[in-house]
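Working notes for the structure below.
Bear in mind that the values in this text are calculations on the coordinates, not laboratory data. The shown structure was predicted, so the numbers you read here are calculated from the model rather than taken from an experiment. Using ideal geometry, Cβ is built from the backbone for each residue, glycine included, and neighbour counts are taken over all protein chains shown.
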Amino acid sequence: MSIWTRISQALQALASGEGLGTVFERLRTPPERSVAFTIAVIALSAKMAKADGLVTRAEVTAFREVFSIPPEEEPNAARVFNLARQDVAGFEDYARRIAAMFERDKSTLCDLLEGLFHIAMADGTYHPAEDAFLTRVAELFGLSETRFRAIRARFVPDAVPDPYTVLGVSPDMPLKEIRAEWRKLVRDSHPDRMIARGVPEEAVKMSERKMIAINRAWEEISARETA
């Protein structure tokens with residue numbers, strides 16, 4: 001059974017008048033957590049979107065970049081997106097529910113935030129409103145400013161990317177400690193670990209971009225330190 005079929009079933013279980021946020025209360029344990037993760041990324045993306053009306057093909061394309069949505073499953077993704085935009089609950093309510101669901105695993109919340117960054121950057125532009133939205137989501141997730149800046153540095157283009165920011169470390173840390181942080185990021189980005197903490201297989205390819213960024217940052221730092 002595909003994750004999109006499971007998402008459809010979860011939506012069908014909603015009683016008349018219930019908001020999408022109710023889904024998060026029912027999907028707290030594996031393997032349902034992967035369904036909740038996917039719904040969370042799409043729902044928060046809907047809250048982040050500017051346009052009104054039905055979901056556009058461009059928005060679905062951005063989702064496909066994260067989740068590899070088969071064409072026949074686009075209606076299910078679109079339904080989640082539109083339910084979220086029609087829901088009277090604000091994004092902060094969603095973010096708090098999701099934070100409670102994954103409160104013991106900040107790595108999963110980081111994965112989710114990375115998915116939102118990927119979608120935010122789908123048009124090649126990072127808007128101030130998107131930055132304010134994602135900053136607030138990170139706060140509600142209980143993520144530190146250092147973690148948020150590290151994730152943002154891996155997604156938002158910068159003329160001179162700071163490798164220390166990308167790894168979430170400071171320049172005055174010993175190289176041994178920086179190496180330890182880099183290795184932890186590499187371990188956390190392994191597909192098996194991501195799946196184990198509830199990230200659906202369809203979204204694991206997000207780690208590819210992360211791995212490239214953190215390895216490049218480590219190579220630059222180690223070259224500086226040993227020069």
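Annotations
- Sequence-ordered 3J(HN,Hα) estimates for the stretch 218-223 from the Karplus curve with 6.51, -1.76 and 1.60 and θ = phi - 60° stand at 5, 4, 5, 5, 5, 5 Hz, glycine and proline given as x.
- Inter-part distance where the stretch 129-177 and the stretch 107-126 are each reduced to a Cα centre, Å: 12
- Peptides 113-120, 141-148 ranked from most to least packed give 113-120, 141-148, packing being the mean of other C-beta atoms within 10 angstrom over each peptide's residues.
- Förster radius 35 Å - calculated FRET efficiency between residue 129 and residue 196, Cβ distance, rounded to 0.05: 0.55
- Under the simplified labelling scheme, the residue 82-residue 5 pair shows an inter-label distance of 2.3 nm, with each label point 7 Å from Cα along Cα→Cβ.
- The calculated FRET efficiency for the pair residue 104 and residue 211, based on their C-beta separation and a Förster distance of 22 Å, comes to about 0.35.
- Estimated FRET transfer efficiency when R0 is 30 angstrom, pair residue 25-residue 145 (beta carbons, to 0.05): 0.55
- By the rule of a C-alpha distance below 14 Å, with chain neighbours fewer than 8 residues away ignored, the aspartates and glutamates paired with residue 106 are 114, 139, 145, 188.
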